[in-house]
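Scroll down for the structure; my scribbles are underneath it.
The values are calculated or read from the model by the stated rules, or taken from the named source; none is laboratory data. Predicted model, so just to flag it, every value in this text is computed and none were measured. Every residue, glycine among them, receives a Cβ derived from its backbone with ideal geometry; neighbour counts consider all protein chains shown. Heads up: the accessible areas ignore ligands, DNA and RNA and are worked out on the full protein's heavy atoms, side chains in. Shrake-Rupley method; radii C 1.70, N 1.55, O 1.52, S 1.80 Å.
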Amino acid sequence: MVEPGTILCVSEPFAHVLSNKEHDYRCENCMKRADELKRCSACASVKYCSTKCQKSDWSIHKKECPCLKRFQPKIPTDSTRLLLRLVIRFNNSSTVQESKGVLALRRSFNNLMSHEKEITNDKNRCDQLSQHLFTLQKVTAGVIDLPSSRVLLQIFGKMTTNSFTICGEEMQPIGVGIYLGPSLLDHRCTPNAVITFQGKSLHLRAVAQIADPTPSNVFISYIDQLNSTAERRRMLMEQYYFKCDCSWCQDKDLVSSVCRIIHV
Ligand SMILES: [Zn+2]
Ligand SMILES: [Zn+2]
Ligand SMILES: [Zn+2]
């Protein structure tokens, strides 16, 4: 049994990007605000709060750096950059990551669903992917060998249906990341857990008593719970390709169908 307020787990991102609008204020690696940031001298596109953070980001940035340099003075959009970082991390896609805490969440990037079929039938998503690929081809030419178009489609599908918006101290969006363990958690419109961030570390906190805190008993809301049932269902279908049948959605359906009967 865990009580409301308990931290269920803490998870670090498999890949993350700091929003372009935050580059002058926050460290690219830990995402914390810092008065003094040191610029990567090679690409001049990213900044770090310390040598430690720069070293920690280097395993991924060393491949990203020449791509960003090529794109200067512009910088790719946040989602194109996340896709680039996932392509770079693709070699680690079978590595299992484990979240720390009372709730054990173990998952590899390979385990994520790609929703390949739904994406190929979704014109908006296909257009987004073409735009990302247009930029990716330009920036990676001669530096990174892109995987096959099928694999790129799968990576893009996993990215769009599993990314978490990383929020700052005032709950404002500051970036986006892929957190493997927490992406296991199912959606409920009345969740028993919420996600907050400290820098890039994701904290999953219980907001209700949970008798048996296993992955199948912990739920988060993927969207704003304050929207109407119809709106929530539309957003969940458009973004995550499923129809929510949680008790809250069913109750609200009951209310609206009773109202319809009364008004007829
Ligand atoms: Zn830092
Ligand atoms: Zn660089
Ligand atoms: Zn629901």
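Tabulated data for the structure shown
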read-out	value
Flag if residue 20 is more than 16 Å from ligand 1 (Cβ to nearest atom), under 16 Å from residue 166 (Cβ atoms), open to solvent by 10 Å² or more (accessible area, probe 1.4 Å) and touching a residue at least 12 places away in the same chain (Cβ under 8 Å)	yes
When residues of segment 191-249 are limited to those that are within 16 Å of ligand 1 (Cβ to nearest atom) and not in a loop (DSSP other than H, G, I, E, B), the one surrounded by the fewest Cβ atoms within 10 Å (Cβ to Cβ)	198
Tally of residues being out of contact with any strand residue (DSSP E or B) (no Cβ under 8 Å at 6 or more places or on another chain), closer than 28 Å to residue 120 by Cβ and open to solvent by 40 Å² or more (accessible area, probe 1.4 Å) across segment 144-175	6
Among residues of segment 34-47, those that are over 16 Å from residue 20 (Cβ atoms) and crowded, with 18+ Cβ neighbours inside 10 Å, counted	0
Search result, residues across segment 35-56 that are of a type in the set (Gly, Ala, Ser) and either within 11 Å of ligand 2 (Cβ to nearest atom) or closer than 20 Å to residue 196 by Cα (or both)	41, 42, 44, 45
Helices (runs of 4 or more DSSP H) wholly inside segment 77-176 containing at least 3 residues that are within 14 Å of the chain's Cα centre (by Cα)	78-89, 149-162
Residue 30 more than 15 Å from ligand 2 (Cβ to nearest atom) and surrounded by 19 or more Cβ atoms within 10 Å (Cβ to Cβ)	yes
Residue match in segment 177-188 (condition: among the aliphatic types (A, V, I, L, M), in a loop (DSSP other than H, G, I, E, B), out of contact with any Gly (no Cβ under 7 Å at 6 or more places or on another chain) and touching a residue at least 24 places away in the same chain (Cβ under 8 Å))	yes
Count of residues meeting criterion [farther than 29 Å from residue 125 by Cα and of a type outside the set (A, V, I, L, M)] in segment 217-247	2
Close pairs (6 angstrom Cβ cut-off, 6 or more residues apart or separate chains): on the phi > 0 side of the Ramachandran plot in segment 229-251, assigned to a helix (DSSP H, G or I) and more than 16 Å from ligand 2 (Cβ to nearest atom) anywhere	241/118
Within segment 57-76, tally of residues that are in a helix (DSSP H, G or I) and open to solvent by 90 Å² or more (accessible area, probe 1.4 Å)	4
Residue pairs meeting the criteria (Cβ under 8 Å; at least 6 apart or on separate chains; first farther than 18 Å from residue 68 by Cβ, in segment 129-154; second polar (S, T, N, Q))	153/114; 153/120; 154/114
